[in-house]
1. Being out of contact with any helix residue (DSSP H, G or I) (no Cβ under 6 Å at 6 or more places or on another chain), more than 13 Å from C111 (Cβ to Cβ), of a type outside the set (A, V, I, L, M) and touching a residue at least 40 places away in the same chain (Cβ under 8 Å) is the requirement here; does G69 meet it?
2. Of all the residues that make up segment 107-128, how many are among the aliphatic types (A, V, I, L, M) and touching a residue at least 12 places away in the same chain (Cβ under 8 Å)?
3. For segment 56-79, how many residues meet the condition of being of a type in the set (V, I, T) and over 13 Å from I14 (Cα atoms)?
4. Condition test on G61, is it without any contact (Cβ under 8 Å) to a residue 60 or more places away in the chain and within 25 Å of E124 (Cβ to Cβ)?
5. Would you point out the residue of segment 102-128, among those that are among the aliphatic types (A, V, I, L, M) and within 15 Å of the chain's Cα centre (by Cα), that is surrounded by the most Cβ atoms within 10 Å (Cβ to Cβ)?
6. Could you please find all residues in segment 70-101 being surrounded by 11 or more Cβ atoms within 10 Å (Cβ to Cβ), more than 18 Å from R40 (Cα to Cα) and among the charged types (D, E, K, R)?
7. Tally the residues that are in a strand (DSSP E or B) and either within 19 Å of E7 (Cβ to Cβ) or hydrophobic (A, V, I, L, M, F, W, C) (or both), restricting the search to segment 87-103.
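Coordinate-derived values only; no laboratory data. On a predicted model such as this, the values are computed, not experimentally measured, just so you know. Glycine gets a Cβ as well: all are built from the backbone with ideal geometry, and neighbour counts include every protein chain shown.
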Amino acid sequence: MAAIPSEINIGDEIEIPYPFVLEDFHGMEADGPTIRKSWRPGTRVEPVYPDDAEQVADGMGCQIMKVVGIYKAGKFPTRVFFTRSWVDPKGRSFGKHKLCIMTKDAFRRRCKGFIYEYRLMTEEEKAA
């Protein structure tokens, strides 16, 4: 679990460990359709015998949240304006740089890490 910052300030970059799954990406190249492996933030659901399921991740990367503004309007809760990006398990950085907005309390909860309980696949499970 990531350390929650005691104070949130404009310009802070918070790096949060984040699970990733390895999936098939269907794309188009000069030679025609192609399929390649690609990292996606999050987990996948796998069934557990006899009638349950669990969240599973193939690797760990991180989510980077950069605070661009903090505003308090009247009696309403303080809002944190931020952008986010990811670094996949291979070290590749990606993500849209759109502005996200959350209350300060919700932002602090998001800084705790991935919200669901999950299991990280072992090397033996990946090889099977």
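1. Yes, satisfied.
2. Of the residues in that region, 2 qualify.
3. Residues that pass the stated criteria total 3.
4. Yes.
5. Across segment 102-128, the extreme among qualifying residues is L120.
6. Matches in segment 70-101: R79 only.
7. Qualifying residue count, segment 87-103: 6.
Yes or no, residue by residue, for (1) over 14 Å from E23 (Cβ atoms); (2) β-branched (V, I, T); (3) in a loop (DSSP other than H, G, I, E, B); (4) touching a strand residue (DSSP E or B) at 6+ places or on another chain (Cβ under 7 Å):
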position	(1), (2), (3), (4)
G74	yes, no, yes, no
S85	yes, no, no, yes
D105	yes, no, no, no
K126	no, no, no, no
